[in-house]
Amino acid sequence: MKIVDINDKKYIIEPFKGVKGFKLKVKVTKLISPALTALQSEIGSLSDTGVMVKAIQSVIENTDNEEVFSLVQELITGVKTENGAVDFDTEFSKNYMTLYKLIKEVIVENYGDVFQVLGMNAE
């Protein structure tokens with residue numbers, strides 16, 4: 001479990017169980033790899049967090065809406081606030097950068113070991 005503070009709100013991220021985590025990793029990799037490749041020239045000028053957030057934003061803006069939305073919903077299933085489950089409609093209304101940062105935190109919590117092997121410190 002990891003607790004992150006985004007815009008003065010605490011989010012509790014529970015790691016995925018093995019099968020779900022692996023299935024989601026495959027989906028995330030398919031969607032985010034092209035964005036990371038496109039951002040390759042910016043990797044030196046941005047922090048690893050900045051690269052991740054820009055990659056996620058790029059994927060969300062340039063991929064089939066239903067495919068991305070389904071994946072984002074799956075990624076957020078392991079996230080709670082101090083008050084309980086995250087209500088997507090109220091939590092992220094006019095607050096999309098928080099959503100991007102939260103997605104990044106979920107990905108790092110679950111797949112940080114993969115980023116270390118790739119030489120990225122995504123913390």
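Does any residue in region 63-91 that is at negative phi come within less than 7 Å, Cβ to Cβ, of a residue that is surrounded by 17 or more Cβ atoms within 10 Å (Cβ to Cβ) and assigned to a loop (DSSP other than H, G, I, E, B) six or more places away or on a different chain, and which pairs are these?
Correct list of pairs: ILE76/VAL86; GLY78/PHE16; VAL79/VAL86; LYS80/VAL86.
Residues to consider are VAL79, VAL51; find the one that is in contact with a Leu (Cβ under 7 Å, 6 or more places away or on another chain), crowded, with 16+ Cβ neighbours inside 10 Å and modelled with pLDDT under 85.
Exactly one of VAL79, VAL51 is in contact with a Leu (Cβ under 7 Å, 6 or more places away or on another chain), crowded, with 16+ Cβ neighbours inside 10 Å and modelled with pLDDT under 85, namely VAL51.
So which of GLU74, GLU105, GLU67 is exposed (fewer than 14 other Cβ atoms within 10 Å of the Cβ) and within 21 Å of LYS27 (Cα to Cα)?
Exactly one of GLU74, GLU105, GLU67 is exposed (fewer than 14 other Cβ atoms within 10 Å of the Cβ) and within 21 Å of LYS27 (Cα to Cα), namely GLU67.
Looking at region 2-10, is at least one residue farther than 20 Å from GLU74 by Cα, at pLDDT 80 or above and of a type outside the set (D, E, K, R)?
Yes, region 2-10 contains a residue that is farther than 20 Å from GLU74 by Cα, at pLDDT 80 or above and of a type outside the set (D, E, K, R).
Within region 10-27, work out how many residues are out of contact with any Asp or Glu (no Cβ under 6 Å at 6 or more places or on another chain), part of a strand (DSSP E or B) and either of a type in the set (A, V, I, L, M, F, W, C) or loosely packed, with under 14 Cβ neighbours inside 10 Å (or both).
1
For region 81-108, name all the residues that are among the hydrophobic types (A, V, I, L, M, F, W, C) and part of a helix (DSSP H, G or I).
Once the filter is applied, which keeps residues that are among the hydrophobic types (A, V, I, L, M, F, W, C) and part of a helix (DSSP H, G or I), region 81-108 yields PHE88, MET97, LEU99, LEU102, ILE103, VAL106, ILE107, VAL108.
For GLU61, work out the one condition from (1) at pLDDT 80 or above; (2) of a type in the set (Asp, Glu); (3) loosely packed, with under 12 Cβ neighbours inside 10 Å it doesn't fulfil.
Evaluating GLU61 over (1) at pLDDT 80 or above; (2) of a type in the set (Asp, Glu); (3) loosely packed, with under 12 Cβ neighbours inside 10 Å leaves (1) as the failure.
Checking SER93 against (1) farther than 16 Å from PRO15 by Cα; (2) small (Gly, Ala, Ser); (3) out of contact with any Ser or Thr (no Cβ under 6 Å at 6 or more places or on another chain); (4) at pLDDT below 90: exactly one of these is not met. Which one?
SER93 satisfies all of (1) farther than 16 Å from PRO15 by Cα; (2) small (Gly, Ala, Ser); (3) out of contact with any Ser or Thr (no Cβ under 6 Å at 6 or more places or on another chain); (4) at pLDDT below 90 except (4).
The values are calculated or read from the model by the stated rules, or taken from the named source; none is laboratory data. Remember, it's a predicted structure, so these values are computed and weren't measured experimentally. Every residue, glycine among them, receives a Cβ derived from its backbone with ideal geometry; neighbour counts consider all protein chains shown.
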